[in-house]
Ligand code: SF4
Ligand code: SF4
């Protein structure tokens, strides 16, 4: 007797819309998805374990390689953890430079999110325009620290190099031109009826579920929960800047997409203020040649473009960490994906995944 | 009206279609690199005091150096070999910061793809053996 049978559908690890090497097994019922299972680890490099065999400064380049789209914030989170543990004073100028770099990184990362979301939903031209803007940020980074992606720019106690002379005018020019360029994206993509049909009301993440799963960052704020490490537990010098915490309330893919634009706007505001009040002075504080941390443990959080990024460091008194654990925001955000994708059509799974914006380098670490 | 957004979007695309090119025609057109660009490393053996600080600073054991005792009183260490294994280099610049004599620096050279992995490690310095 013929009978129907459940089908398992593999998405990834080499699917173009899984942002790297994410794989999920979908159990569809017709077009509707009844079950999704996450399979991660294809990009696992054991970064947390590598940390145990590197001295404290030597690990800085590895933090770049977790979230390669927003690596300045990862640099910052790591060096701040160590500074907090050692009680190192960071010079004012270095703090300002760090904030400028971190916010530029955040804009670059959100641009990639908007771009990849567009291309996942077949909007190729928008992808190009977002990457054109990101290119300008990468040029700013390149003139400051020499690299376009894995910067290794921050050092324990400060930053590697001072801003070059041409940086400030170039950065101001970018900030001034940015809103207009984003209008272009809005015209091209946000107003597009097909794009709206595929994102509005899709993949709704209720606030209680978001909190229960530990979702942070823009994904949480798009569900109406105003939580941001920069505001709630200000680190570095974020308490000096006047910026709003953008919140949206529908929690669907479209809101998560729009929230990125709100965030970029606020980041521009922070950069503008930081450029205006950038003090002169040293860029590196007094740091011992050989960094040894007294036995103990510490947890430090910063806000990356994907959410709350935490470093948990245990030291046994030597010049290498005893254990370094990273709370990766993308990794935690991915946990809600099976729950979120359940009950939607297969093509909606793509837009839900794109709107969550995971970076697999950090999920797998 | 349904489709209005689509038409608006098309207008943007059209504007760019007739606009200037933004991409670079590499390799015919060479990129303009900023002075701080992290290309391949250059080594200047002249000032090297064989302290090995660059070696200890490097996270990936890229640098290997050999030395021998020599000089006037036979106590000075003299560099005999300095090899960089670029397979593992992350171009982070920690070695450059560690060097007290400023022997290492980044160049603007970035086209060093090779056909075999062994070809990429570079002997930056090797002492000539006298016949
Ligand atoms: S740039 Fe970094 S990885 Fe390369 S040799 Fe220097 S310290 Fe090692
Ligand atoms: S740190 Fe500089 S001086 Fe010391 S061994 Fe390395 S290259 Fe030579």
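The values are calculated or read from the model by the stated rules, or taken from the named source; none is laboratory data. Predicted model only: the values in this text are computed from it and were never measured. Heads up, the Cβs are rebuilt from the backbone with ideal geometry, glycines too, and the neighbour counts pull from every protein chain shown.
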* Structure fact -> If we keep only residues of segment A:46-56 that are surrounded by fewer than 23 Cβ atoms within 10 Å (Cβ to Cβ) and part of a helix (DSSP H, G or I), then the residue nearest to ligand 2 (Cβ to nearest atom) is A:50
* Structure fact -> residue B:99 passes all but one of the listed conditions (1) modelled with pLDDT under 85; (2) away from every other protein chain (no Cβ under 11 Å); (3) within 22 Å of the chain's Cα centre (by Cα); the exception is number (1)
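Looking only at segment A:266-281, how many residues end up being part of a loop (DSSP other than H, G, I, E, B) and under 29 Å from the mean Cα position of the chain (by Cα)?
Residues meeting the conditions: 3.
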* To do: Mind telling me which of the residues A:205, A:189 ends up being surrounded by 14 or more Cβ atoms within 10 Å (Cβ to Cβ) and at pLDDT 85 or above?
  => A:205
* **Residue check for residue A:73: touching a helix residue (DSSP H, G or I) at 6+ places or on another chain (Cβ under 7 Å) and assigned to a strand (DSSP E or B)** => no
* **Those residues of segment A:154-167 which are at the interface with chain B (Cβ under 9 Å from one of its Cβ atoms), within 18 Å of residue A:60 (Cβ to Cβ) and part of a loop (DSSP other than H, G, I, E, B), in sequence order** => A:160, A:161
* Among (1) closer than 20 Å to residue B:108 by Cα; (2) more than 12 Å from ligand 2 (Cβ to nearest atom), where does residue B:61 come up short? -> (1)
* Structure fact -> Scanning segment A:176-226 residue by residue, the ones that are farther than 14 Å from residue A:249 by Cβ and touching a helix residue (DSSP H, G or I) at 6+ places or on another chain (Cβ under 8 Å) total 28
* Could you check, for segment B:36-53, whether at least one of its residues is within 12 Å of ligand 1 (Cβ to nearest atom) and more than 24 Å from residue B:117 (Cα to Cα)? => yes
* State all residues of segment A:104-127 that are within 12 Å of chain B (Cβ to nearest Cβ) and under 15 Å from the mean Cα position of the chain (by Cα); if no residue qualifies, say none. => none
* Structure fact -> Residue set A:66, A:117; condition in a helix (DSSP H, G or I), crowded, with 24+ Cβ neighbours inside 10 Å and modelled with pLDDT of 85 or more; output residue A:117
* To do: Return the residue satisfying two criteria in turn: it lies in segment A:187-203 and is more than 8 Å from chain B (Cβ to nearest Cβ) and assigned to a loop (DSSP other than H, G, I, E, B), and of such residues it is nearest to residue A:127 (Cα to Cα).
  => A:200
* Structure fact -> Selection over segment A:337-365 where residues are surrounded by fewer than 21 Cβ atoms within 10 Å (Cβ to Cβ) and part of a loop (DSSP other than H, G, I, E, B) yields a count of 3
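Residues are listed down the side, and each one gets a yes or a no for (1) away from chain B (no Cβ under 14 Å); (2) under 21 Å from residue A:355 (Cβ atoms):
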{"position": "A:1", "(1), (2)": "yes, no"}
{"position": "A:15", "(1), (2)": "yes, yes"}
{"position": "A:21", "(1), (2)": "yes, yes"}
{"position": "A:26", "(1), (2)": "yes, yes"}
{"position": "A:29", "(1), (2)": "yes, no"}
{"position": "A:37", "(1), (2)": "yes, yes"}
{"position": "A:48", "(1), (2)": "yes, no"}
{"position": "A:57", "(1), (2)": "no, no"}
{"position": "A:61", "(1), (2)": "no, no"}
* **Candidate set: segment A:128-138, residues that are at pLDDT 85 or above and more than 8 Å from every other protein chain (Cβ to nearest Cβ); chosen: the one surrounded by the most Cβ atoms within 10 Å (Cβ to Cβ)** => A:130
* Determine if segment A:89-106 includes at least one residue that is modelled with pLDDT under 85 and either surrounded by fewer than 16 Cβ atoms within 10 Å (Cβ to Cβ) or more than 16 Å from ligand 1 (Cβ to nearest atom) (or both). => yes
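Let's see how each residue does on (1) under 30 Å from residue A:47 (Cβ atoms); (2) at pLDDT below 85; (3) in contact with a strand residue (DSSP E or B) (Cβ under 7 Å, 6 or more places away or on another chain):
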site	(1), (2), (3)
B:47	no, yes, no
B:64	yes, yes, yes
B:91	yes, no, no
B:94	yes, no, no
B:125	no, yes, yes
